[in-house]
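Read the structure below first, then the notes.
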Amino acid sequence: MSAVVNTLNFTPETLHKRARELVLAGWSFYDKGWVPATSGNFSARLSDDYVAITASGRNKGALTEDDIVVVDLAGQPLHAELKSSAETLLHTALYRRFPDMGAVLHTHSMNATLLSRHHGSALHLEGYELLKAFPGVATHDTQLVIPIFANDQDIPRLQRRVDEYLDPHPATHGYLIAGHGLYTWGATMADARRHLEAFEFLFQCELHQLKG
Ligand SMILES: [Zn+2]
């Protein structure tokens, strides 16, 4: 195992550390109700060429390091035993696009699911102090645009639509899939988790406002 991993330009220690981060994220988000019924998937960069990602169909509240799969940036698993998430391509496209990005989190919270069905092609967040959780935002007097894509079981087609949006909008911090959930990312797992928590808080604020 170690000989193979060494030729892949990441160490077993790196894999262990990143896998542990993914497991802890799964436990935490499951407790918050953000990844019900085996939904959601998380990934972390291992090197320029490889990513660790949660295996398909696992209960995120009972995740272990054995549920983590290594894939290349084309989404191909390093070992055939475990199947990576169906949405792996959405993760690897982000790693290819952003070389400094270290983690991607995809959740299916009730707030993200409900809001994404009420806002057409984009959600606009503005006037919130918590917008400062995102890189490059220094004041509440900012508008953050979160694009909303129609849900699609054809993942390569969905990925192309995301790419077409991100090409002219590289400063995006996350996107919603209608009736489905949120993708967000960051330079480190801690950054990605901060963005996820901020989005979830802001989504809840928006939903409360919708209810009047
Ligand atoms: Zn999903």
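The values are calculated or read from the model by the stated rules, or taken from the named source; none is laboratory data. Everything numeric in this text was worked out from a predicted model, so none of it was measured. Quick reminder, even Gly has a Cβ in these numbers, built from the backbone with ideal geometry, and neighbours come from all protein chains shown. Side chains included, ligands, DNA and RNA excluded: accessible areas come from the protein's heavy atoms. Shrake-Rupley method; radii C 1.70, N 1.55, O 1.52, S 1.80 Å.
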message: Can you tell me, using C-alpha contacts under 8 Å and at least 6 residues apart, the relative contact order of the range 19-157 as a whole percent?
response: 21
query: So what is the relative contact order for the range 98-210, in percent, with contacts set as C-alpha pairs under 8 Å and at least six apart?
result: 39
- line: For T38, the residues 5 or more places away or on another chain with a placed amide H closer than 5 Å to its own amide H are K60
Calculated from backbone phi, Karplus (6.51, -1.76, 1.60) coupling profile of the range 89-96 in Hz, x at Gly/Pro: 4, 5, 6, 5, 4, 5, 5, 5
- prompt: Of the peptides 31-38, 126-133, 52-59, how do they stack up when ordered by the mean number of other Cβ atoms within 10 Å, highest first?
  reply: 52-59, 31-38, 126-133
field: Euclidean distance between Cα centres, the range 48-120 to the range 175-198, Å
entry: 11
- prompt: To the nearest 10 degrees, how steep is helix 155-166 against the longest Cα principal axis of the chain, on a 0 to 90 scale?
  reply: 60
query: Between A150 and E65, what FRET efficiency follows from the Cβ-Cβ distance if R0 is 35 Å, with the result rounded to 0.05?
result: 0.50
- prompt: Counting only protein heavy atoms, what percent of the accessible surface of the chain is carbon or sulfur at a 1.4 Å probe?
  reply: 53
task: Based on the mean of other Cβ atoms within 10 Å per residue, sort peptides 93-100, 176-183 so the most packed one is first.
output: 176-183, 93-100
query: Once the dipole of the chain is set up with Lys and Arg at +1 and Asp and Glu at -1 on Cβ about the Cα centre, which of A55, Y95, P77 lies farthest towards its positive end?
result: A55
task: Quick one: what are the phi-derived ³J(HN,Hα) couplings along the range 174-186, Karplus 6.51/-1.76/1.60 with θ = phi - 60°, whole Hz, x for glycine and proline?
output: x, 9, 10, 10, 4, x, 10, x, 10, 10, 9, 8, x
Descending semi-axes in Å of the range 2-211, equivalent ellipsoid built from Cα gyration tensor: 28, 17, 17
Whole-Hz couplings from phi, Karplus 6.51/-1.76/1.60, listed for the range 43-53; x for Gly and Pro: 9, 9, 6, 9, 6, 5, 10, 9, 9, 9, 9
query: Taking R0 as 45 Å, what's the FRET efficiency between R161 and H16 from their Cβ-Cβ distance, rounded to 0.05?
result: 0.80
task: Take the Cβ-Cβ distance between S121 and R194 as r, set R0 to 22 Å, and report the resulting FRET efficiency rounded to the nearest 0.05.
output: 0.25
- line: With +1 at each Lys and Arg Cβ and -1 at each Asp and Glu Cβ, the charge dipole magnitude of the range 117-188 around its Cα centre, to the nearest 20 debye, comes out at 160
task: State, to one decimal in nm, how far the label point of L8 lies from the label point of K211, with both points 7 Å from Cα in the Cβ direction.
output: 4.5
field: Placed amide H near A122: partners under 5 Å, 5+ positions off or other chain
entry: I148
